[in-house]
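J.: Encoded as structure tokens, here's the structure I'll be asking about.
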Amino acid sequence: SSASIRERVEHARGVQRERFRRHSIKANGEMTTRHLRKYCVLDTESARILESALDKLGLSARAYDRILKVARTIADLASEESISSAHVAEAIQYRALDKGYFRM
């Protein structure tokens with residue numbers, strides 16, 4: 001329902017506010033490279049999936065950073081502390097759809 005989605009979003013925003021309380025940013029989308037290294041650590045499988053997507057889709061370093069930010073947000077929405085391979089895969093799908101890599 002809309003109410004449960006709103007609750008998840010508000011919770012994720014709270015997590016981000018807490019994460020960045022000592023920084024000059026408030027949300028995952030504002031993360032710098034330094035923040036990405038600290039808050040978007042990937043396990044081996046997640047890193048492999050992301051590297052494979054970068055190669056196959058010809059994505060840039062900027063796209064890499066954006067995918068990490070979206071994966072971090074997906075993990076926050078799921079109330080998970082770590083980014084999993086499923087979060088990375090979902091973020092890649094959004095990026096691919098946004099850029100039209102998959103045509104319907």
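The values are calculated or read from the model by the stated rules, or taken from the named source; none is laboratory data. Since the model is a prediction, treat every value here as computed from it, not as a measurement. Cβ sites come from the backbone with ideal geometry, for glycine too, and all protein chains shown count toward neighbours. Note: accessible area is taken over every heavy atom of the protein model, side chains too, but ligands, DNA and RNA are not part of it. Shrake-Rupley method; radii C 1.70, N 1.55, O 1.52, S 1.80 Å.
J.: Could you sort Tyr94, Tyr39 by accessible area so the largest value comes first, with the probe set to 1.4 Å? Could you put the intermediate results ahead of the total?
T.: Details: Tyr94 115, Tyr39 45 Å².
These residues rank, largest area first, as Tyr94, Tyr39.
J.: Another one. What label, among (i) 36, 35, 22; (ii) 40, 31, 31; (iii) 32, 30, 24, belongs to Cα extents along the principal axes in Å computed from the structure on display?
T.: Checking each listed value against the structure points to (i).
J.: Excluding residues fewer than 8 places away in the same chain, name every one of the aspartates and glutamates whose C-alpha is closer than 14 Å to that of Lys26.
T.: Those aspartates and glutamates meeting the cut-off are Glu10, Glu18, Asp76.
J.: Treating only the Cβ of Lys, Arg, Asp and Glu as charged (+1, +1, -1, -1), what charge dipole size does the chain show about its Cα centre? Round to the nearest 20 debye.
T.: Details: 20 positive and 14 negative charges, 98 e Å.
Rounded to the nearest 20 debye, it is 460 debye.
J.: Mean separation of Cα pairs under 8 Å and 6+ residues apart, divided by the residue count of the chain: what relative contact order is that in percent?
T.: On the way: 85 pairs, mean separation 31.4, N = 104.
Normalised by residue count, the contact order of the chain is 30 percent.
J.: Express the carbon and sulfur contribution to the solvent-accessible surface of the chain as a percent, rounded to the nearest whole number, probe 1.4 angstrom. Present the calculation step by step, with values, prior to reporting the outcome.
T.: Working: 3510 of 7030 Å².
That share works out to 50 percent.
J.: Report the gain in length on full extension from Ala61 to Arg17: 0.36 nm times residue separation, minus Cα-Cα distance, nm rounded to one decimal. Before the final figure, lay out each step's value.
T.: On the way: separation 44, 0.36 × 44 = 15.84 nm, distance 2.60 nm.
Gain on stretching Ala61 to Arg17: 13.2 nm.
J.: Please list 82-89, 47-54 highest first by mean number of surrounding beta-carbon atoms within 10 Å per residue.
T.: Ranking the peptides 82-89, 47-54 by packing returns 82-89, 47-54.
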